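This report concerns only the one structure given below.
Since every read-out is calculated from the coordinates, none of them should be taken as a lab result. In this text the structure is predicted, and so the values were computed from the model without any measurement. Neighbour counts run over all protein chains shown; Cβ positions are idealised from the backbone, glycine included.
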Amino acid sequence: MCRRLAGSASTACARHAPTTDGMSKTCRSRCGSWCVTQSTWSPVLGACMELMIVSGFIVFLPKYLETQFSLSKSQASVFAGGIAIPGACMGVFMGGYILKRLQLRPKGAVQLILIFQMISLAMYSVLFVVGCDNVKMAGATAPYSLSSRQSPEMFSVNLTASCNFGCDCDRNEVEPVCGTNGLTYFSPCHAGCTTYSAESNYTNCACINEAGNSSSQYAEITMVPVATPGSCSRACSNALPFMVLLFFMTFVVAITQMPLLMIVLRSVDEEERAFALGMQFVIFRLFAYIPSPILFGNVIDSTCVLWKSQCGERAGRCLIYDIEVFRFKYVGICAGLKVLSLIIFLLDWFMIRWKYKLDMNHTMTVGDIVNSIISVDRGYREVEVDEAIEEEERLACGDEPLAPRGSIDSCDSALLGDDEHTAVHGV
């Protein structure tokens, strides 16, 4: 805007700088009105629960695949990214298509979210049983002696036994070997092996011999104490069902992203939508992206049965996980957060439904109609006053006056041509 400078012989233009005080007041008023709106913070809080699941689940998904299904690190990363990302992309597009196809309003969008939330919760319930059992590793997940009648509650992790007591084995490097007795050992040293044959087998293994001879079922059978590199194979064929379920889970979860965004945008005024989106992303980072990996990491660490140690103290990474407890806790966190998210969106649906009922039951009185007409007339007058002030300022700055409404200026005349210009003005 332009204004006339006092004490000057000529007319000059000056720009009004925005005041910091006004901006801070506007920011405070917007933040206050946005934060206290139930229909705004409720879907944002539900979205925080969803993002906590997504960020924690995806970050530790390669580790879960690696430990649960005995995949290598590269295989686990390829499967995690190659299955989850395409499913999420397709889900986002499908969510936008459903919104456009059905022309859903906020109430319908919340109903759509609730439907897919329940489907997703059912899929998480299936994940509790789609997994593998622990590898029977002597001293870590199973006792050294196969015939031991020690109850699982009394079993404690201890890699040292009478058969390898004097071997001084290193417990910080995992080198699993499979014994002929069906047990996996932490390393050849922990199996009590003293000889390495040319066929890449370990022989003269005291722990394997001891475990084999202690079994009364095979008392008349002489078992050769041999160990082969690698863990013993286990009957687990749930890797493929898990991958298929993972694709549909990411697809279903991603469908709710566009309805969530639409609800937030419809919950605020048009001029406050940019501010609402900014506040939403700040809330997401503070309450979803930051705490979620910390929560998932601590819970997963609690499933470790053997840590790398230094000077008798825990140091470094986990060497062996209890994969059954890992599965229940990993999926349990996701299912618990999903239930909280479902409750929040259910409350949001009741709030929107209650608001719609109030709007439908509200009848306009004569006073409301008169006030609305007066406000509209007052708005038109303010627009006319602003246009008049702007015209005066343009003249004060030496600019060309604006063409009146419904007239054609010189630029339009040059574009139309002389004949059309004459026809328009009736000359």
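Data overview
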item: Violating pairs (Cα-Cα greater than 32 angstrom) within the set K73/K329; K63/K338; K308/K338; K100/K338; result: K308/K338
item: Gained length - V126 relative to V282, 0.36 nm times residue gap less alpha-carbon distance; result: 52.8 nm
item: Per-peptide average of other Cβ atoms within 10 Å, ordering 317-327, 294-304, 245-255 highest first; result: 245-255, 317-327, 294-304
item: Protection proxy ranking, peptides 113-125, 268-280, 185-197, average beta carbon neighbours within 10 Å, highest first; result: 185-197, 113-125, 268-280
item: Full-stretch length increase - S156, R105 - with 0.36 nm per residue and alpha-carbon distance subtracted; result: 12.6 nm
item: Other-chain or far-sequence residues with amide H under 5 Å of S309's (modelled H); result: A315
